[in-house]
Amino acid sequence: MIELARLPLCRLVRTRRAWLVLAAWSALGLWVAALARAQGSAHGADRALIDAYGFLLLPVLSYVAVGAALGARSLRAALAPLVAFGAPPGRAAGATIAVASLASAAIGGALAAGIAAIAHGAADAPRLRDAVASAYAGGLGAAAYACWFSLGSGFGRRGGGRALLLIADWALGEGDGAQGFFTPRAHVRNLLGGTPPLGMTERASAAALVLIAGACAAAATWLARRRT
Amino acid sequence: MITLDRVAARRSPMTLSDLSAQWGPGVHSIVGAPADGAALLFGLVCGASSPRSGQVRVLDGSPTDASVRRRVARIDFDPSLPEPLRVAEALSLAAKIRGDAGLEIGGRLAILGVETLAARFVRSLSLAEARAVCAAEALTSPGVRAIVVLEPLVAMDPRAARRIGDAMRSAARAGKCVLVASSSLRDAAELADDHALLQSGRIVARSSSIEALYGVSGQGVRLRVFARDDDGARTLAAGLAGIAELTSLERSGTSVRLRGASATALAEAVAHAAVASDVEVIEMRVEPIAAKQALAAEGGP
């Protein structure tokens, strides 16, 4: 399994363009946090995390990280070199999704903690506690998004399903109705202190994110096994 | 090692129907145009495609078994290699996945004369170099027991093309099954010990001699004869006209294309005509007839 993780890891680490894009989006997030701090908003961290990070930055960062781990192609094409060397497609898919999820979680968690620390306002929770809680929410949300986009990558010749799921997340996850339950967006928003979907508790949303991540990873692995 | 039992499969535009064959250790060729289905057949052997009916057994197991996949290597026309890695890293990754230990990378590439590629990034390789790396990996892995190669001499690094025949024979001597698909009769004859003729998804003949396949193809054989100049070709064509063995004859510049049921009969007719009309023949080449061309010639769709 470790050797199968080497290819997606190298794709992530050695793709300069992916790093530049990730850095640019992260810089945007930190700039928004600095702006909230400069405005002296009492709920600066909440606003920056919900309105900018959860709304735009986290999904886009995960989208870019998954794309980089797959070499900007479909899941099937991304696994082809490993399968050509005799790796079982299911295991290769599992390793690739795991790398994408861990990288996404690390980037998402770190950025959330950074935004919470910089944009911290007077009415926000204590800075350290808020940063840790935000890192947890961001990391979990990013991992769920990575699995979500990995599933999308299983569709389309060049993994165009990934972009479709990004749009579906935006379209369905915005409201607090039942349709949001099936998207990472609604639960991430709840964990960051925004409106919960269906009045769910934060713990229930965390469980839902784990469920979404597991279901998407399993479905993507099944697709890879079936089509490769 | 590889057994197909009444296999039917389809992946547009290729179809295989009622295909039964068995290949053991050695170098075997499948001769046919790409549309005849060799790529689909290889997909079945590698577990990348599933048969609609019938059974495919590779190394006494199903091609989709993890233990079988590791021991089967496929050299595609457009091979998949891990693009962010260097060639040496890619071979080392392949060795780990296949369970091969302690292999020296330079030596593996040297078998096809491409050891200078070791430090290059895979994404910087040309198609021919990538195919050579893929072939070196497959031919030198001790764990690999079955190798399928699409068009081994087409778009192959020239250094590798010179050595791949010997490397494949050496792998065969080590008890491996090497299956080669080619639309070139000459390549098949050069590389393999026995041949199967694949036409429109069916194996229509098997033989250890390419010559023997010409007569049973049902579509005959096409011979292209090159004269030294236009006049020579014109004289040769005139000398060949009216020979009973010919089903068609056409001249284009310095070459004459003729078609008939038997390559030997055609070659004899050319020899007689060349001697009778005192024309110098500088090259004579057998050309495969693609399924579509054959159908068109027969007035089919």
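Just to be sure before I move on: is B:SER141 more than 13 Å from the chain's Cα centre (by Cα), free of Cβ contacts under 8 Å to residues at least 40 places away in the same chain and within 14 Å of another protein chain (Cβ to nearest Cβ) in the structure I sent?
no
Which of the residues spanning the stretch B:219-241 are without any contact (Cβ under 8 Å) to a residue 12 or more places away in the chain and small (Gly, Ala, Ser)?
Within the stretch B:219-241, B:ALA241 is the sole residue that qualifies.
Residues to consider are A:GLY90, A:GLY44, A:GLY71, A:GLY54; find the one that is crowded, with 22+ Cβ neighbours inside 10 Å and either at pLDDT 95 or above or within 30 Å of B:ASP76 (Cβ to Cβ) (or both).
A:GLY71
B:ILE147 - would you say it is more than 9 Å from chain A (Cβ to nearest Cβ) and more than 28 Å from B:GLY37 (Cβ to Cβ)?
For B:ILE147, the condition - more than 9 Å from chain A (Cβ to nearest Cβ) and more than 28 Å from B:GLY37 (Cβ to Cβ) - is not met.
Got a number for residues in the stretch B:211-248 being modelled with pLDDT of 80 or more and among the aromatic types (Phe, Trp, Tyr)?
Matching residues across the stretch B:211-248 total 1.
Of all residues being part of a helix (DSSP H, G or I) and out of contact with any Gly (no Cβ under 8 Å at 6 or more places or on another chain) in the stretch A:27-41, which is surrounded by the most Cβ atoms within 10 Å (Cβ to Cβ)? Just the residue, please.
Only one residue fits best here, namely A:VAL32.
Could you list, in sequence order, all residues of the stretch A:1-26 that are exposed (fewer than 15 other Cβ atoms within 10 Å of the Cβ), touching a helix residue (DSSP H, G or I) at 6+ places or on another chain (Cβ under 6 Å) and part of a helix (DSSP H, G or I)?
None - no residue of the stretch A:1-26 is exposed (fewer than 15 other Cβ atoms within 10 Å of the Cβ), touching a helix residue (DSSP H, G or I) at 6+ places or on another chain (Cβ under 6 Å) and part of a helix (DSSP H, G or I), so the list stays empty.
Exactly one condition in (1) at pLDDT 85 or above; (2) more than 30 Å from B:VAL281 (Cβ to Cβ); (3) surrounded by fewer than 20 Cβ atoms within 10 Å (Cβ to Cβ) is not met by B:ASP193; state its number.
(2)
Consider B:ASP65 carefully, then state whether it is at pLDDT below 90 and closer than 24 Å to B:ASP166 by Cβ.
So B:ASP65 does not fit the description; no.
Considering the stretch B:2-24 alone, what residues qualify as being surrounded by fewer than 19 Cβ atoms within 10 Å (Cβ to Cβ), farther than 16 Å from B:SER207 by Cα and not polar (S, T, N, Q)?
B:ASP5, B:ARG6, B:ALA8, B:ARG10, B:ARG11, B:PRO13, B:ASP18
Go through the stretch B:2-117 and tell me which helices (runs of 4 or more DSSP H), entirely inside it, have 1 or more residues that are farther than 27 Å from A:LEU12 by Cα, out of contact with any Phe, Trp or Tyr (no Cβ under 6 Å at 6 or more places or on another chain) and within 14 Å of chain A (Cβ to nearest Cβ).
By residue number, B:38-45, B:66-69, B:105-110.
Using the structure shown, decide if A:SER62 is in contact (Cβ under 8 Å) with a residue 60 or more places away in the chain, closer than 19 Å to A:GLY161 by Cβ and within 14 Å of chain B (Cβ to nearest Cβ).
Taking the combined requirement at face value, the residue does not satisfy it.
Please enumerate the residues belonging to the stretch A:67-87 that are within 9 Å of chain B (Cβ to nearest Cβ) and either without any contact (Cβ under 8 Å) to a residue 40 or more places away in the chain or on the phi > 0 side of the Ramachandran plot (or both).
A:GLY71, A:ALA84, A:PHE85, A:GLY86
Would you confirm whether or not the stretch A:167-175 contains a residue that is part of a helix (DSSP H, G or I), among the β-branched types (Val, Ile, Thr) and surrounded by 16 or more Cβ atoms within 10 Å (Cβ to Cβ)?
No: zero hits.
The values are calculated or read from the model by the stated rules, or taken from the named source; none is laboratory data. Please read these numbers as outputs of a predicted model, since none were measured by experiment. Quick reminder, even Gly has a Cβ in these numbers, built from the backbone with ideal geometry, and neighbours come from all protein chains shown.
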